[in-house]
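The values are calculated or read from the model by the stated rules, or taken from the named source; none is laboratory data. All values reported here derive from a predicted model rather than from experimental measurement. FYI the Cβ positions are ideal-geometry reconstructions off the backbone, even for glycines, and counts take in every protein chain you see.
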Amino acid sequence: MGPGQAALVTGANGSGKTTLLRVLAGMALPAAGAVTWSGTPVNRLDPLQRADIAYQGHLDGLKKELTVSENMAFYSTFWSGRQEPEELLEELRLNECRDRQVRYLSAGQRCRAALGCMRLKPAKLWLLDEPLTNLDARGAELVAGWLTAHTTAGGLAIVATHQREQLVQAASVEIEL
């Protein structure tokens, strides 16, 4: 795999999809071999190198006591985001709940907000674990579009999913575990 490609990782529950993404993100050590990014083991990347990797796992990473807007502003500032949070709120259909604390959002709204915060990070590699969980058809289309745009711009993505059919057109590689 190289720049401009997206891989879909599929398999049964417990087959190792999440573990694979955690190893690729440097959050777990491989049982054998090594995972490197630009020649450096991923678990030893310095902060500038680590900025190239965005990981969105099962936990949303949102601060529940903050509003959607506040979460987006925080992540945009933290990661020196390249997209305006205001544009992203519109794209995610979260304008109506922009001033609502995350704790009061539906599961789908929380998922969209978390993916939006991840999207603010100007990373070359996206590692997404079940990004379509709790999303409606429009939300799934949006994520598929983001994947296509990310890879068209030279980015790389690895997506673990049970919803292959909704993302297969954005993928250039498929891996079954």
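Beta carbons closer than 8 Å, at least 6 apart along the sequence or on distinct chains, pair a first residue in segment 73-91 that is more than 15 Å from residue 112 (Cβ to Cβ) with a second that is of a type in the set (D, E, K, R) and surrounded by fewer than 18 Cβ atoms within 10 Å (Cβ to Cβ) for 74/63; 76/84. Criterion applied to 142, 135 was being at pLDDT 95 or above, out of contact with any Asp or Glu (no Cβ under 6 Å at 6 or more places or on another chain), within 13 Å of residue 60 (Cβ to Cβ) and not hydroxyl-bearing (Ser, Thr, Tyr), and the one residue passing it is 135. For residues in segment 1-22 being part of a loop (DSSP other than H, G, I, E, B) and in contact with a Lys or Arg (Cβ under 8 Å, 6 or more places away or on another chain), which is nearest to residue 53 (Cα to Cα)? If we take residues in segment 1-22 being part of a loop (DSSP other than H, G, I, E, B) and in contact with a Lys or Arg (Cβ under 8 Å, 6 or more places away or on another chain), then 3 is nearest to residue 53 (Cα to Cα). Looking only at residues in segment 1-22 that are without any contact (Cβ under 8 Å) to a residue 40 or more places away in the chain and surrounded by 11 or more Cβ atoms within 10 Å (Cβ to Cβ), the one that is nearest to the chain's Cα centre (by Cα) is 22. Take segment 23-42 and flag every residue that is outside any loop (DSSP other than H, G, I, E, B) and surrounded by fewer than 17 Cβ atoms within 10 Å (Cβ to Cβ). Answer for segment 23-42, where residues must be outside any loop (DSSP other than H, G, I, E, B) and surrounded by fewer than 17 Cβ atoms within 10 Å (Cβ to Cβ): 36, 40, 41. Residue count for segment 82-106 under the criterion of being within 21 Å of residue 65 (Cβ to Cβ), polar (S, T, N, Q) and surrounded by 15 or more Cβ atoms within 10 Å (Cβ to Cβ): the result is 1. Taken over segment 53-78, residues that are under 24 Å from residue 151 (Cα atoms) and buried (at least 17 other Cβ atoms within 10 Å of the Cβ) amount to 9.
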